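Okay, so here's the structure we're looking at.
The values are calculated or read from the model by the stated rules, or taken from the named source; none is laboratory data. Predicted model, so just to flag it, every value in this text is computed and none were measured. Cβ placement follows ideal geometry from the backbone for every residue including glycine, while neighbour counts extend to all protein chains displayed.
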Amino acid sequence: MIQFQPVQFNTESIAAYARLFELCFSNNSKFNSTYLRWLYTENPYGKAVGFDAWDGGVLVAHYVAVPLRIKLELQEVSALLSLNTATHPSYQGKGLFTKLADRTYDAAGQLGYAAVVGVANANSTPGFTRKLGFQLVEPLAARIGVGPLPACASRADAQLRTTWSADALAWRCRNPNNKVFVRPHDSIVQVYARGVGKFLYAYAELSRNQLDLAEVPAPGESLSPFRLYLGLEPGQARSGAYVDIPQRFRPSPLNFIYRPLSTSVQNLDRGVISFSFIDFDAY
């Protein structure tokens, strides 16, 4: 009989999660114990929230969301980022992911989290919207360009945007699989991570907001001028410096999704969201 229990953070549990990810995604070495411990336990905003499914002593499914802080219609609240899920190949098609997610969101609501956000590919989006009550807000923009992002409406006025404290940003930069670097530039913070090869860096911008960047690593190398922007900005203007990546060259369109838990904001509007790679661990 399959039993469900909240995720655990001891060494044995983290190792079990790593083994399940290796079984399900053998071509992706990202989900090792070091990475999972960093992601699940070291986040200054709190430990991961999620559930496991066990069949006797066998871990057969796993799902977590990780805490973040967002401004939701100008009110700062705690939210969750839907992130890691895996189901043992022998147990797929039994609805385990939906059962784990429902338990996770029930627990999150009781813990005071206001909403769950996420980025889903084309294959997984219908499961989130039809079975779990998520809103498909809009697809993420994917562009390549040089220099700062084109001028856009104020991020401070976004209906939803993430907020980063200095210690949370420092934690994000310590991603053991792909370090993130920041560089102050006028009133913004430029954020970089290796994207594709050596010459295309993932790029985002944060409002500086008097962040103390003393403990946040600056780039230790010369950066290619070419930048990959993956995300959403409110009212972002098009510019010749950044061009859309054609759909045929994208591995899969990515969609920003949203589900309210303990908030009156039931739906979000298109064109007023601020969200980028730094917010969902794309790189």
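Checking each residue in the stretch 59-80 for being surrounded by fewer than 21 Cβ atoms within 10 Å (Cβ to Cβ) and either outside any strand (DSSP E or B) or of a type in the set (F, W, Y) (or both) picks out E73, L74. Taken over the stretch 178-206, residues that are under 18 Å from L228 (Cα atoms), among the small types (G, A, S) and part of a loop (DSSP other than H, G, I, E, B) amount to 1.
State which residue is nearest to A115 (Cα to Cα) when the search covers only the stretch 128-163 and only residues that are assigned to a helix (DSSP H, G or I) and not hydrophobic (A, V, I, L, M, F, W, C). Walk me through how you get there before you give the answer.
The initial filter retains those residues of the stretch 128-163 that are assigned to a helix (DSSP H, G or I), namely 128-131, 155-157.
In the following step, the residues that additionally are not hydrophobic (A, V, I, L, M, F, W, C) were identified as 129-131, 155, 157.
Numbers: T129: 15, R130: 17, K131: 17, R155: 20, D157: 19 Å.
Result: T129.
If only residues of the stretch 142-163 that are β-branched (V, I, T) and closer than 14 Å to S276 by Cβ are counted, the one that is surrounded by the fewest Cβ atoms within 10 Å (Cβ to Cβ) is T163.
Per the listing S224, S252, the residue uniquely touching a Lys or Arg at 6+ places or on another chain (Cβ under 9 Å), among the hydroxyl-bearing types (S, T, Y) and at pLDDT below 85 is S224. The condition of being closer than 24 Å to S26 by Cβ and at pLDDT 95 or above holds for only one of L136, L111, L100, that being L100.
All of S276, S262 fail the test of being at pLDDT below 95 and either outside the structural domain of G145 (by TED's automatic domain parsing) or among the charged types (D, E, K, R) (or both), apart from S262. Residues of the stretch 29-58 being in contact (Cβ under 8 Å) with a residue 40 or more places away in the chain, more than 18 Å from I278 (Cα to Cα), hydrophobic (A, V, I, L, M, F, W, C) and surrounded by fewer than 19 Cβ atoms within 10 Å (Cβ to Cβ), which ones? Within the stretch 29-58, just W54 meets the criteria. Screening R130 with (1) without any contact (Cβ under 8 Å) to a residue 24 or more places away in the chain; (2) in contact with a strand residue (DSSP E or B) (Cβ under 7 Å, 6 or more places away or on another chain) gives one miss only, at (2). Note on the stretch 180-205: residues that are over 21 Å from P150 (Cα atoms) and out of contact with any strand residue (DSSP E or B) (no Cβ under 7 Å at 6 or more places or on another chain) total 2. Condition first: in a strand (DSSP E or B) and not assigned by TED's automatic domain parsing to the domain that holds A168. Can you find one or more residues in the stretch 35-49 that meet it? Scanning the stretch 35-49, I find at least one residue that is in a strand (DSSP E or B) and not assigned by TED's automatic domain parsing to the domain that holds A168, so the answer is yes. Checking the structure you have, find out if any residue of the stretch 164-177 is out of contact with any helix residue (DSSP H, G or I) (no Cβ under 7 Å at 6 or more places or on another chain), loosely packed, with under 15 Cβ neighbours inside 10 Å and part of a helix (DSSP H, G or I). Yes, the conditions are met somewhere in the stretch 164-177. What number of residues within the stretch 3-28 satisfy the criterion of being surrounded by 15 or more Cβ atoms within 10 Å (Cβ to Cβ), touching a Phe, Trp or Tyr at 6+ places or on another chain (Cβ under 6 Å) and over 18 Å from D281 (Cβ atoms)? Summing the residues that are surrounded by 15 or more Cβ atoms within 10 Å (Cβ to Cβ), touching a Phe, Trp or Tyr at 6+ places or on another chain (Cβ under 6 Å) and over 18 Å from D281 (Cβ atoms) in the stretch 3-28 gives 0. Residues in the stretch 36-44 include none that are at pLDDT below 95 and of a type in the set (S, T, N, Q).
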